[in-house]
1. Kindly sort Y67, Y151 by accessible area of their heavy atoms, largest first, with the probe set to 1.4 Å.
2. Give me log10 I(q)/I(0) at q = 0.21, 0.28 Å⁻¹ for the range 36-109, Debye formula, one equal scatterer per alpha-carbon, no solvent.
3. Work out the length of the dipole vector of the chain about its Cα centre, built from +1 on the beta-carbon of each Lys and Arg and -1 on the beta-carbon of each Asp and Glu, and round it to the nearest 20 debye.
4. Normalising by the residue count of the chain, find the relative contact order in percent from Cα pairs under 8 Å and 6+ residues apart.
5. If I histogram all Cα-Cα distances within the range 57-161 using bins 10 Å wide from 0, what percent of pairs lands in each bin?
6. Report, in order of residue number, the helices in the chain meeting two criteria: a C-alpha extent of 15 Å or more along the helix axis, and a mean Kyte-Doolittle hydropathy of at least -1.0; treat each whole DSSP H run as one helix.
7. Spin-label point model (7 Å from Cα, Cβ direction): what's the K179 to K52 distance in nm?
8. Let me cross-check I31: its accessible surface, 1.4 Å probe, with only protein heavy atoms counted, in Å² to the nearest 10?
Amino acid sequence: RSSAMPNNNSKIEEKGEFILPEKNDTYKHIIAYLIHTRGINKNIVYNCIYNKTLYEDKNRNCVFVGYDKEGIPKYAGLRGTNTNRVFKGEVENSNKAFSFNISSTTNRLFVFESPIEIMSYLTLKKQAGDIEFNHHMLSLGCLAPVALNNYLEVNPNIEEINLCLNNDKWGIKAAKEIKENLK
C-alpha cells in the first residue's frame, strides 16, 4: 500500500486488516479471572459477554471489543488471565477511536483507562446500592484521547464528562490535557 507524506517527511502507514482473535470454546478462564480474582460482579461480566463486548480467546485472554456506529468490531484490548504473568495488549490494527464502551441514553459520560476499571467501578456502584447506574462508560485503552473525541462526536447529547483516570502522574497529566482540550 502507498503512504502519504506529510510536511515533516515521516511516513503515515495505512493499517492492515483488523481481525478479532479466535474465540475459545469456553469462558471459564475469563469468568474465573474477572469474577473470582478481580472481584467483579458476575452480572456485569455476563452482560458484557451477552453484548459481545467481552469474550475469551484461544490463549485464555479477556478480549474487550469496541464497535463502530454500524456495529462492526474495530478495536480489541487484551488482558491475560494468568495471575502469575501480567499480559496487556491490543489486537493488531485496532482502532482506538472505537475503544471498549458501554453506551447509554443519558447525557453523562464516565471515562476510564481500561475496561476492567469500568467493570470495577460498576461493581462498586452495585455494592453501594446504586443498581440504577446507567450512564455512558468509555475506556480510553490507556490514555490516548482519540476514543473520547470519537465518542463525543458520535454522542453529541453528552453534556457532562467525569474523568475517572488513575491518580498517578500519567492519569493526572492526561486529565489536565483532556480538560484543557475540551474547554
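The values are calculated or read from the model by the stated rules, or taken from the named source; none is laboratory data. Note that this is a predicted model, so its numbers are computed, not measured. Glycine gets a Cβ as well: all are built from the backbone with ideal geometry, and neighbour counts include every protein chain shown. With ligands, DNA and RNA removed, areas are computed over all heavy atoms of the protein, side chains included. Shrake-Rupley method; radii C 1.70, N 1.55, O 1.52, S 1.80 Å.
1. Largest accessible area first, the residues go Y67, Y151.
2. Those come out to -1.03, -1.39, one per q.
3. Around 440 debye, computed over the chain.
4. Once divided by the residue count of the chain, the mean separation gives 17 percent.
5. Over the range 57-161, the share of Cα pairs per 10 Å bin runs 15, 45, 32, 9, 0 percent.
6. On the way: long enough: 115-127 (18 Å, -0.05); 169-181 (18 Å, -1.14).
What comes out of the filter, once short or polar helices are dropped, is 115-127.
7. The answer from the label model is 3.9 nm.
8. We get 30 Å² for I31.
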